[in-house]
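Okay, structure first, notes after.
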Amino acid sequence: MRLNPQMHLNDPLSPALKMAATREGFGEALAEIGSMDANVVALSSDVMGSVQIGKFAEKFPQRAFNVGVAEQNLVAVAAGLAYAGKTPFIGAFAAFSPGRNWEQIRTTVCYAEANVKIEGSHAGLDVGEDGATHQMLEDIALMRCLPNMLVLSPCDYEEAKKCVYAAWQRKGPAYIRCTRGKLPTITTAQTPFEVGKLNLLAEGEDVALVATGNMVHPSLLAADALEKEGISVAVANCHTLSQMDVESLVWLAKKCGRIITVEDHQVKGGLGSAVAEALSERCQCRLRRHGVQMQFGESGSGAQLLAKHGLGKEGIIKVIKEEMERG
């Protein structure tokens, strides 16, 4: 695997990589920003500890609010605080925010262009044992269709911190998709991060993987394994889902001829759909959307469920080989 030196990555194959959930990076960055901006407030719907807002609440108890199990109110209260000049960060499980309060997000936040930042934690199959009702696989589709909404999906702890800072520095609504489980920290403080720009992590010519969130690391593992079999795989990290880096996608399409998107989300409406929309207007390219094939989740560990849906290293290798065999 040929890592892009401009990305300043940790070795993705190292067993010593720091393991941390993206929600932990969210909480750490929020507490840091709270020290710099007295207008930042934090709210949650009775899951403050789980979504890592607890660190902020410990430091700034007068600026942290628990609205109870009432996600619609969570958004409405946050919008009101934004109208009054505050910068609210709200955190809840993605299954309920945006799953339960999408209309409030649409009307009181996006329509009003309110400066509300939303953490959708415990997203995807990675939430595992919480079961199908909590395995939110549709949130990217729900959020990226909203006008004015910035949608970010960090691949690890370090990138999650950068997403929080980017959302804070940008006026207007933002959604940050976070994981429950711990992920290898493959990026560093020196890894470039720019909203709306793909990060080319590994170089290749035969096929390009465009992955987001917790699918970035297994995509790198798959690329490394296939490089040893003579298949050259490029890997790009797509952390911004509300707008596509069309120029980079076109460049990858022309260079590799094949793009496979990889996401812990339904194949309709998520990363794969966003890439298809972007490429359809600019160039012809074979595209395969790899993710959850329009099914609900089930009980099991996150690792078991991801493997079942082909979203681990071996499943991604299988999909790449299938595409290569098509010629």
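The figures follow:
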quantity	calculated
Strands (runs of 3 or more DSSP E) lying entirely in the stretch 85-165 (those with 1 or more residues that are out of contact with any helix residue (DSSP H, G or I) (no Cβ under 6 Å at 6 or more places or on another chain) and closer than 21 Å to residue 68 by Cα)	87-93, 117-121
Complete set of residues in the stretch 208-233 that are of a type in the set (A, V, I, L, M, F, W, C), within 26 Å of residue 137 (Cβ to Cβ) and not in a helix (DSSP H, G or I)	208, 209, 210, 211, 233
Those residues of the stretch 83-103 which are surrounded by fewer than 24 Cβ atoms within 10 Å (Cβ to Cβ) and more than 24 Å from residue 132 (Cβ to Cβ), in sequence order	83, 84, 85, 86, 87
Residue in the stretch 271-292 that is part of a loop (DSSP other than H, G, I, E, B), surrounded by 16 or more Cβ atoms within 10 Å (Cβ to Cβ) and of a type in the set (Ser, Thr, Tyr) present	no
Subset of the stretch 1-48 (residues that are charged (D, E, K, R) and closer than 22 Å to residue 156 by Cβ)	2, 11, 18, 23, 24, 28, 32
Residue in the stretch 232-240 that is outside the structural domain of residue 152 (by TED's automatic domain parsing), touching a residue at least 12 places away in the same chain (Cβ under 8 Å) and over 19 Å from residue 186 (Cβ atoms) present	yes
Set 37, 139: member being of a type in the set (D, E, K, R), surrounded by fewer than 24 Cβ atoms within 10 Å (Cβ to Cβ) and either closer than 24 Å to residue 180 by Cβ or not assigned by TED's automatic domain parsing to the domain that holds residue 274 (or both)	37
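The values are calculated or read from the model by the stated rules, or taken from the named source; none is laboratory data. Given the structure is predicted, the values throughout are model-derived calculations rather than measurements. No Cβ is skipped: glycine too gets one built from the backbone with ideal geometry, and neighbour counts run over all protein chains shown.
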